[in-house]
1. On the basis of being within 25 Å of SER502 (Cα to Cα) and of a type in the set (Lys, Arg), does LYS423 make the cut?
2. Just give me the residues in region 402-416 being among the basic types (Lys, Arg) and part of a loop (DSSP other than H, G, I, E, B), in sequence order.
3. Go through LEU490, LEU481, LEU498 for me and flag whichever is in contact with an Asp or Glu (Cβ under 8 Å, 6 or more places away or on another chain), part of a helix (DSSP H, G or I), at pLDDT 90 or above and surrounded by 17 or more Cβ atoms within 10 Å (Cβ to Cβ).
4. Would you confirm whether any residue within region 47-69 is under 30 Å from PRO482 (Cα atoms), aliphatic (A, V, I, L, M) and at pLDDT 85 or above?
5. Show me the helices (runs of 4 or more DSSP H) entirely contained within region 335-398 in which 2 or more residues are among the charged types (D, E, K, R) and either modelled with pLDDT under 95 or out of contact with any strand residue (DSSP E or B) (no Cβ under 6 Å at 6 or more places or on another chain) (or both).
6. So, in region 393-446, how many residues would count as being touching a Ser or Thr at 6+ places or on another chain (Cβ under 7 Å) and among the hydroxyl-bearing types (Ser, Thr, Tyr)?
7. Which residues, taken from region 96-113, are without any contact (Cβ under 8 Å) to a residue 40 or more places away in the chain and of a type in the set (S, T, N, Q)?
Amino acid sequence: MLKSIKDYTKRHRKGLLITATIIGGGIFAGQYARNKIQELQDKAASERMAKENLKRRFEQNQNDCTFTVLSLLPTLSEQVFDDMAVEELWAKLQELRKEQKQKLEKQKEEKKQESEIEANSNQEKPVEEQEIKEESISEAPTNSENAETVVNEQQSEETKPEPAPELFLPITEDQQPSSKAILNSGTMESSIGSLANSSLSEGSELVSSQKLEVPSEEKAVVLKSKYALWEEIKIKSFTRSLTSLYCVSLLTLLTHTELNLLGRFTYVSSIASLNRSEPTIRIERSESESKDTFMDIDVEGKFLSFSWWLLHKGWKGLAARVEAAVHEVFGSIQLKHATNYEETLRLIKRVRHLIEYDAESMKPHRNSFAQYIIPQNADDEAEVLVQAGYATSPQEAEKSLKNYKLRRLLDETSDFVESVDFKTVLGACLEELFALFYHNTFTKPFDRENNVSNEDRIQEINSNYLQPSAIEKKVTIANLLPPVSRQSHLIINSNEYLNALSYVKELQAFSAIIYTQYDISQQA
């Protein structure tokens, strides 16, 4: 009996020990699981914070790009408007018009005075002269018909007006003179209003103003000078606006490339700084990576100064290329040519094709715009540093260019600018800007404000259904010049076009590629 009690107690203790072991193991496993879950949660939270930090830095970097472009545009606009001063051409044309009008008024006044003097002299003729005329007529042959013929011929010769050459300006015949006087004649608006609306009316006024005599040589000189001014206005108006569109696009892409490269270095530097205080964060460098990966202010300033090339030299080569294309397309088109909205867009698209594509191969130009964006050789790079004030001589600039970090930034910028992705993004940006340019420039001249019909969507189909509801308005090339030349001011000096680029998805994706293309791998 006692032995059985001992065996029972021993077995009970063993069971209790097993139960305690199981319970203890369960508690330990639960604690381990909770610790593991907490560790995973902390890691996920850390990753979320890192992603949010990266996203916030990236968005701030894109805002910095926009403000940087805004700060650089005044430097570009000053040079563009000084080189292609269309407003001065409008002022010269208006001055010629005023001078010619003054000369005609002066001739008209002189002619009027001469006629008054001649009329007064005819009234004061003595009676003897009239009697002498009568006697001479009576002594003539008795044939009354011959006498009447002589008198009629004399009278006709005395009263016969002398023909004067007509003056016509080389502008459209369907323009009408402006009904209101134009105020502020010194501004471009007054020049445009007084010239574009009343240039042809000058010809009709000159013809109807008593057929005034104007020397043929003087007339030829005036017509030639006016025609030359109109042609120059036509070419420069389109050239300036299209050049502004390309320059804004290229400057935006260059700035996004530069600042996202620097933003990437700044982000990596901030992560590397945590390596000193957080032993769990390790950064492994590639073999080709220099130990000194932190960006200093001097290198950053020198790198950003390379936008000087586009702002002071590159845009001039681009403008020459645009002007050649504009001259080829619009040079042979007369100012009096009447065009509609669709034809105008086709002409501008043809200009774009000549600028962006090779005429022989019909393919995009090789490294199409790289030569206008960044320097293509060491001499040009040294010139940028000298002009930016970071070097006093080309020799000193060449030494600065040997800096590893600066050289790496420049080479990487060149690779991005000459890449296929850059051309794709540039095409998307140009499409966005040209669409806005078409809307702002040609909507009002062609009366396209109300393109959406207010009629019911469901219409009865009859014989008139296929007929156009209204004849599309046509406008002469001369009347398109004012809005085209005026739009260049809005392209460079306003935020509308720059804001349009901020919504281009291809530009955002291109910036993200640059910002996240790290050469330093990070391991936690």
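1. Considered against the rule, which asks whether it is within 25 Å of SER502 (Cα to Cα) and of a type in the set (Lys, Arg), LYS423 comes out as yes.
2. LYS402
3. So the residue among LEU490, LEU481, LEU498 that is in contact with an Asp or Glu (Cβ under 8 Å, 6 or more places away or on another chain), part of a helix (DSSP H, G or I), at pLDDT 90 or above and surrounded by 17 or more Cβ atoms within 10 Å (Cβ to Cβ) is LEU490.
4. Yes.
5. Details: elements: 341-356, 370-373, 378-388.
Where helices (runs of 4 or more DSSP H) fall fully within region 335-398 and carry at least 2 residues being among the charged types (D, E, K, R) and either modelled with pLDDT under 95 or out of contact with any strand residue (DSSP E or B) (no Cβ under 6 Å at 6 or more places or on another chain) (or both), they are 341-356, 378-388.
6. 2
7. Of everything in region 96-113, those that are without any contact (Cβ under 8 Å) to a residue 40 or more places away in the chain and of a type in the set (S, T, N, Q) turn out to be GLN102, GLN113.
Yes/no per residue for (1) outside any helix (DSSP H, G or I); (2) modelled with pLDDT of 95 or more; (3) over 30 Å from TRP90 (Cβ atoms):
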{"position": "THR239", "(1), (2), (3)": "no, yes, no"}
{"position": "LEU242", "(1), (2), (3)": "no, yes, no"}
{"position": "LEU254", "(1), (2), (3)": "no, yes, yes"}
{"position": "PHE265", "(1), (2), (3)": "no, no, yes"}
{"position": "SER273", "(1), (2), (3)": "no, no, yes"}
{"position": "TRP309", "(1), (2), (3)": "no, yes, yes"}
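The values are calculated or read from the model by the stated rules, or taken from the named source; none is laboratory data. Every value quoted in this text rests on a predicted model; they were computed, and no experiment measured them. Methodologically, a virtual Cβ is constructed for each residue, glycine included, from the backbone with ideal geometry; neighbour enumeration extends over all protein chains shown.
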